[in-house]
Amino acid sequence: MKYPKGDPDDGFGLIVVSAPSGAGKSSLCIRLLERLKDRLALSISTTSRSPRGSERHGVEYFFVSPEEFDQKIRNHEFAEWANVHGNYYGTSKETLARFWADRKHVLLDIDVQGASALFHGFPARTLTVFIAPPSLEILEQRLRGRGTDSEESVQKRMKNAVSEMGRKEEFHRVILNDDFEKAYAELEAEAIRFMDALEGGTWQSPA
Ligand code: ADP
Ligand code: 5GP
């Protein structure tokens, strides 16, 4: 079945990348954005959590208070939102519409709940990719090695990792991030295949 063409931005979609925290998702997404910047833009989420380290408003996230986040939910500003590790995170509808109008695909680094919500919201133009760590032990080593999380945060992220790994079969593609270069090559190939097919009107959702 050919993807039905209608609106001028129909040929542009969402590449949603999820993973347990520490699996290497940000490192892979940063490289993908550098390499494919003419075709792909990153959705910056809104969150109720506080900035970590050198994070800046409007760069890593739009940081808002829990009250402001709640108001945005009530104003229907989010294409999806979720509570992750005890904080709220959401994807703005306006961000997606703006990038599509600019004839760009949108890359989203969001959790498994958000990936599922966006696929159900935009089934004909969403590719979901799960980045899997080689093992939970290696995941914990990477989280500790990154050195940005407190012991409590590491524990919470490891607990969540077990349930997130249990949902990986819901994704269209699962990429094992054992060797970084190999994982990156797979991700880039999937992204290019998706964007080419969507723009060419031949994309068939993997279901
Ligand atoms: P996430 O965004 O999934 O939380 P990061 O991209 O921050 O994960 O990666 C977590 C840590 O693991 C970082 O220190 C990163 O450099 C490292 N890392 C990522 N991929 C690999 C890999 N294939 N092998 C070894 N270390 C990796
Ligand atoms: P962190 O606090 O480490 O930046 O992110 C924690 C988790 O929230 C990560 O799994 C990240 O992918 C997810 N996340 C970030 N933005 C969003 C969003 O807009 N929606 C959803 N559902 N998850 C998000």
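The values are calculated or read from the model by the stated rules, or taken from the named source; none is laboratory data. Predicted model only: the values in this text are computed from it and were never measured. Reconstructed Cβ throughout: ideal geometry from the backbone, glycine too, with neighbour counts over all protein chains shown. Side chains are part of the model used for accessible areas, which takes the heavy atoms of the whole protein and leaves out ligands, DNA and RNA. Shrake-Rupley method; radii C 1.70, N 1.55, O 1.52, S 1.80 Å.
Expressed as a whole percentage, what fraction of the accessible surface of the chain belongs to carbon and sulfur atoms when a 1.4 Å probe is rolled over the protein heavy atoms?
On the way: 5450 of 10540 Å².
Answer for the chain: carbon and sulfur cover 52 percent of the accessible area.
Straight Cα distances below 16 angstrom link K156 to the aspartates and glutamates D111, E137, E140, E164, with same-chain residues fewer than 8 positions distant left out. Projecting the Cα atoms of G90, W100, F69 onto the charge dipole of segment 64-113 (Cβ charges, centred on the Cα centre) puts W100 farthest toward the positive pole. Each residue of segment 14-149 gets 116 Å³ once the volume of the Cα convex hull is shared out per residue.
Mean residue ellipticity at 222 nm, helices only, the chain: -13000 deg cm²/dmol; runs of at least 4 DSSP H residues each add -39,500 (n - 2.57), and the sum is divided by the number of residues. Among beta bridges from DSSP that stay inside the chain, the antiparallel ones total about 30%. Ligands, DNA and RNA are left out, and with a 1.4 angstrom probe the accessible area of the chain is 51 Å² per residue. The order of D70, D102 by accessible area, most exposed first and with a 1.4 Å probe, is D102, D70. Would you give the gap between the C-alpha center of segment 49-90 and the C-alpha center of segment 143-170, rounded to a whole Å? That distance is 19 Å. Evaluated over the Cα positions of segment 64-207, the convex hull gives a direction-averaged projected area, one quarter of its surface, of 9.9 nm².
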